Amino acid sequence: MEQPSANANQPEPLESLAQRLKQRARELGFQQCAITLPDASAEAEHLQQWLDTGYQGEMGYLEQHFDKRIDPKLLVPGCERIVMVRMDYLPPETTTLKTLANPDKAYIARYTLGRDYHKLIRKRLKQLGQWLAAEAGDEAAVQFRPFVDSAPVLERPLARNAGIGWIGKHTLLLNRQAGSLFFLGELFTNLPLPIDAPETESHCGRCSACLDICPTKAFPEAGVLDARRCISYLTIEYSGSIPEELRPLMGNRIFGCDDCQLICPWNRFAKRTPEEDFKPRHSLDDVDLLTLFNWDEETFLKNTEGSAIRRTGFEGWQRNLAVALGNSRGGDKVEEALRSRRESVSALVQEHIDWALERLASKAGPVPLPIQQHPGARRIKD
Ligand code: B12
Ligand code: SF4
Ligand code: SF4
């Protein structure tokens with residue numbers, strides 16, 4: 001139950017306001033909320049190294065605003081604290097490994113089967129900010145800015161600094177009670193709320209499952225991702241021709257990839273989301289590759305309205321599906337669909353269709369999934 005706010009003559013201590021803020025965040029659907037300082041300066045050297053090595057590939061936006069990433073006060077002048085939140089995203093009754101292991105089905109990363117999370121989380125963060133300003137008793141003086149994902153903010157280091165979890169060897173934020181299948185978001189505020197203790201330990205121990213099973217070997221070392229090899233990057237962010245040596249390893253993953261998280265023992269503790277909006281649309285959790293490949297642009301646009309899948313564009317969608325069909329079990333219907341679509345698509349998609357037809361003709365067959373060969377795969381409940 002909500003406690004009454006302090007009366008106007010006696011301002012509420014910030015400690016109690018912070019507690020009520022965390023309770024309010026839970027009521028708004030966030031599973032956790034914690035507060036930290038606007039400071040990511042400890043990341044400067046590693047971030048610079050990562051960029052200098054070129055691991056960001058085509059994501060040129062990561063090279064911009066280096067100073068703001070390191071010092072969030074430059075992004076929002078006057079910011080005193082960052083309120084970090086996390087929200088679980090795995091929909092109930094959604095299979096993971098089972099779909100991944102069927103080469104004729106499409107595997108879409110489990111964070112994006114339903115409505116685009118950006119809008120949903122930003123809206124809830126705005127409500128949280130409005131609540132904070134009202135409860136602090138001086139709406140005009142309390143300022144806040146909600147962000148999720150798209151601003152130059154190093155969300156994982158800040159969430160770790162707020163104590164929400166540690167950064168795993170797969171570079172994602174992990175929590176001992178919830179695994180890693182959650183989104184992060186944040187509220188910048190000028191209110192000097194009390195901060196939470198940072199997570200200072202890694203709980204990965206000697207485990208290296210995520211590094212071992214990554215299909216494209218995208219981790220040059222623990223805690224460092226070469227995004228150019230990551231299937232998530234290749235299917236969502238990258239707009240060019242997918243390097244041929246990586247195509248067979250992508251299997252049926254047509255938008256994003258979850259393998260390094262699925263194998264993680266901490267994801268035994270991942271909770272299913274109660275959010276209706278994250279539930280799969282158009283059976284995207286269990287659909288044949290061929291069905292999706294047969295969508296025309298109009299159907300693609302209609303069926304991905306309000307979904308983060310739009311980010312890859314229709315051309316990227318067709319390119320990804322062509323690769324996945326090349327990795328499928330094939331058959332007359334698949335080959336027919338690839339051939340008949342070939343004439344109406346861009347040169348980029350054509351090239352991927354040609355690759356798929358050649359691969360199917362060679363009878364190479366689907367590449368075994370490294371995740372299935374790992375003993376930890378037995379723990380994955382489908
Ligand atoms: C760009 C981006 C991507 C890129 C690059 C991923 C990456 N690791 O950075 C791509 C497209 C590949 C991607 C993929 C995914 N992403 Co993404 N992504 C982002 C985004 C927008 C920015 C991340 C960023 O700043 N990267 C820059 C680099 C420099 O960060 P970094 O790789 O961690 O680099 C650090 C380490 O390399 C380290 N380092 C460097 N050298 C060395 C050396 C040593 C020895 C050590 C120990 C460390 C070290 O220091 C660097 C600086 O901190 C964030 C949102 C945000 N604003 O933070 C979401 C975000 C990280 N993504 C998210 C998700 C869900 C995913 C996917 C799971 C989606 C999917 N299912 O396909 C995958 C996971 C892939 C993976 N294993 O990371 C979530 C993660 C939530 C969580 N629990 O952590 C975020 C936070 C979005 C959100 N708001 O929820 N993503
Ligand atoms: S998301 Fe997939 S491709 Fe990317 S690092 Fe994880 S396992 Fe490798
Ligand atoms: S799979 Fe193992 S090494 Fe990788 S993040 Fe999980 S606990 Fe850490």
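Quick note: the coordinates plus some simple rules give every number you see, no bench work behind them. Only a predicted model underlies this, so the values are computations on that prediction, with no experimental measurement involved. Neighbour counts are summed over all protein chains in view; Cβ atoms, including those assigned to glycine, are modelled from backbone coordinates with ideal geometry.
General observations
- Scanning region 35-55 finds no residues that are within 16 Å of ligand 2 (Cβ to nearest atom), among the polar types (S, T, N, Q) and either under 16 Å from Ala159 (Cβ atoms) or surrounded by 14 or more Cβ atoms within 10 Å (Cβ to Cβ) (or both).
- Selection status of Ala209, closer than 15 Å to Asp39 by Cα, touching a Gly at 6+ places or on another chain (Cβ under 8 Å) and hydrophobic (A, V, I, L, M, F, W, C): no
- Among the candidates Ile108, Ile167, the residue that is among the β-branched types (Val, Ile, Thr) and either within 22 Å of Leu37 (Cα to Cα) or surrounded by fewer than 22 Cβ atoms within 10 Å (Cβ to Cβ) (or both) is uniquely Ile167.
- The set of residues in region 200-213 that are more than 10 Å from ligand 3 (Cβ to nearest atom) and either aromatic (Phe, Trp, Tyr) or touching a residue at least 24 places away in the same chain (Cβ under 8 Å) (or both) contains only Glu201.
- Any hit, region 356-367, residues being closer than 30 Å to Pro92 by Cα and touching a residue at least 60 places away in the same chain (Cβ under 8 Å): yes
- The requirement of being surrounded by 15 or more Cβ atoms within 10 Å (Cβ to Cβ), part of a loop (DSSP other than H, G, I, E, B) and basic (Lys, Arg) is fulfilled somewhere in region 274-287, by at least one residue.
- Scanning region 307-337 for residues that are touching a residue at least 60 places away in the same chain (Cβ under 8 Å) and not in a helix (DSSP H, G or I) turns up Ser307, Asn327, Ser328, Arg329.
- Looking across region 226-255, the residues that are part of a loop (DSSP other than H, G, I, E, B) and either more than 8 Å from ligand 2 (Cβ to nearest atom) or surrounded by fewer than 22 Cβ atoms within 10 Å (Cβ to Cβ) (or both) come down to Asp226, Tyr238, Ser239, Gly240, Ser241, Ile242, Pro243, Glu244, Glu245, Leu246, Gly251, Asn252.
- In region 214-225, of all residues being crowded, with 21+ Cβ neighbours inside 10 Å, in contact (Cβ under 8 Å) with a residue 60 or more places away in the chain and under 15 Å from Leu172 (Cβ atoms), the one that is farthest from ligand 1 (Cβ to nearest atom) corresponds to Cys214.
- Residue match in region 166-189 (condition: more than 16 Å from ligand 3 (Cβ to nearest atom) and out of contact with any strand residue (DSSP E or B) (no Cβ under 6 Å at 6 or more places or on another chain)): no
- Qualifying positions in region 285-337 - among the small types (Gly, Ala, Ser), out of contact with any Ser or Thr (no Cβ under 6 Å at 6 or more places or on another chain) and within 16 Å of Gly114 (Cα to Cα): Gly306, Ser307
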